[in-house]
Amino acid sequence: MRKLLSLMLVLLFLSPATVMAANIEDLQKQLADLSTELEDLNDRLDSAERHAVTDRINFYGDMRVRANSLHYGDVRFPAIVGSGGNPGPYDVDNDLVYTTRLRIGMKAKVWKNVSFSGRLSMYKAWGDSTGVQLMDSFATTMDGTNSGNTTGDWLHVERAYFSWKKIAGSNFYLSIGRRPSTYGPPSEIRENELRGGTPSGHLVQFNFDGATLGYRLGKITGVEGQVVRFCYGQGYDAEWGSTELWGPNETYDVDDMHLAGFNIDAVNDGRHFLQFTLFRAFDVTDGFRGLAVMPALDGGTTPNTNGLISRFEATENIGAINLGGVGYILSLDNGAKAFASFGWTQSDPNGRTGPYGGLLSDSGETTKRDGYSIYIGGRVPAPLGKLGLEYNWGSRYWTPFVQAQDDMIGPKLAARGHVGEAYYIFEINPKMFIKLDGLYYDYQYTGSGVPVGTPVKVDEVVATNIHGQMPVVDTAWDANISMTIKF
């Protein structure tokens with residue numbers, strides 16, 4: 001009995017401790033569960049915060065690695081480069097040159113009807129980041145061509161602009177900044193990407209700063225994608241950063257260069273695309289501000305082997321250039337595309353000349369010169385990818401603004417002559433492809449892409465063995481392979 005009472009007393013004392021211990025265990029478990037829930041909640045909040053931040057600006061881009069094999073026919077150089085003044089011919093082939101192009105795009109929604117877009121671009125040759133190349137020409141030294149020429153391992157602001165849509169609830173919109181003026185239709189087809197620029201790529205592939213006032217006419221006419229745009233830009237500032245800023249200069253009295261015109265998407269319904277372009281470049285200059293490696297140290301035959309770099313700028317306004325064109329693209333349900341584009345340019349010289357001549361003349365001529373170009377091609381589905389064929393031709397006085405096109409031999413759409421191209425795109429996955437490409441250039445006149453100086457028949461230059469102000473090439477071909485990823 002005594003033992004039973006003792007056992008009951010022990011159990012009586014232990015019972016609260018047991019209950020308390022059980023309660024503590026439950027509490028600890030609840031605390032652990034609460035801690036886990038708090039951690040999950042914290043992770044979700046962090047994710048939401050990160051998402052909110054990244055929603056402000058969305059990054060995307062692409063990277064292309066390319067190997068080119070460049071070969072030239074008969075090449076004639078200016079006397080200052082030739083040995084003893086001999087203009088050539090010379091063997092200047094480049095069997096293999098590698099390049100990398102990196103483009104980082106960005107978009108942000110500023111407000112319900114305001115957005116921002118931009119793109120940074122790096123384009124460099126492997127093993128080279130000098131930024132200034134020997135014999136850089138008019139076509140490669142200007143502000144509008146940095147993204148289309150190998151200039152080093154740094155990023156250029158290719159485009160940066162905001163768009164104000166539905167102004168006061170209307171169909172008008174306004175966009176200001178560095179314009180999306182490269183890889184416009186139909187030039188995006190050979191790039192295997194969507195439309196990259198507003199104006200016709202046949203007439204304009206040139207980065208410039210300016211503004212666009214547009215009206216979505218399709219909202220009234222019922223024609224899908226119909227938009228009318230008035231575009232304005234500045235191609236050259238003559239005073240800021242030049243000798244003009246420091247007072248009157250009787251030697252170099254240069255005005256700013258401006259551009260203005262209209263770009264109309266008459267139809268853009270996903271199957272049919274029809275575009276009209278008409279604009280004018282005012283007060284075209286004989287050059288642009290930049291740096292150049294001088295080809296000779298003494299102005300004669302001594303090559304510049306020490307890397308002397310000189311700053312230069314425009315010296316004269318030589319007139320105006322009018323540009324116009326019409327382009328059509330047909331897109332089929334199976335992915336096939338066909339296009340045809342016609343371009344027209346007209347020089348309007350003012351009779352003034354700079355060190356390299358006047359507008360499409362060597363002297364102070366005032367005669368207007370008309371230039372013409374056709375650009376046709378297509379792309380069709382093929383085993384493992386796509387097959388494309390293109391052809392373009394430019395007349396003697398053809399003078400478009402396409403100097404930012406990144407073809408290694410030179411912008412093919414600037415050619416005063418014939419260019420044929422064939423390519424095959426192997427699609428590895430939706431974000432990656434390999435492109436085999438071949439281009440053949442048959443130049444008929446000198447100065448492709450350059451508005452200064454009289455275009456001369458290439459055959460005459462070769463036949464008479466004469467010197468020119470710039471290197472002269474009769475034929476050239478470029479065989480290349482590239483791999484592109486999009487992210």
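Remarks
- Candidate set from the stretch 392-442 (those that are out of contact with any Pro (no Cβ under 9 Å at 6 or more places or on another chain) and basic (Lys, Arg)); member that is surrounded by the most Cβ atoms within 10 Å (Cβ to Cβ): LYS412
- Any hit, the stretch 302-320, residues being at pLDDT 90 or above and among the β-branched types (Val, Ile, Thr): yes
- Among the residues of the stretch 451-468, those identified as surrounded by fewer than 20 Cβ atoms within 10 Å (Cβ to Cβ) and either small (Gly, Ala, Ser) or touching a residue at least 12 places away in the same chain (Cβ under 8 Å) (or both) are THR454, VAL456, LYS457, ASP459, VAL462, ALA463, ASN465, ILE466, HIS467, GLY468.
- Test set (1) surrounded by fewer than 17 Cβ atoms within 10 Å (Cβ to Cβ); (2) aliphatic (A, V, I, L, M); (3) within 25 Å of TYR328 (Cβ to Cβ) - ILE176 fails condition number: (3)
- Counted residues, the stretch 266-284 - those being out of contact with any Ser or Thr (no Cβ under 7 Å at 6 or more places or on another chain) and within 22 Å of THR345 (Cβ to Cβ): 10
- Members of the stretch 150-188 found to be of a type in the set (Val, Ile, Thr) and touching an Asp or Glu at 6+ places or on another chain (Cβ under 8 Å), listed by number: THR150, THR182
The values are calculated or read from the model by the stated rules, or taken from the named source; none is laboratory data. These numbers come from a predicted model, not from an experiment. Note that we place each Cβ from the backbone using ideal geometry, even for glycine, and neighbour counts take in every protein chain shown.
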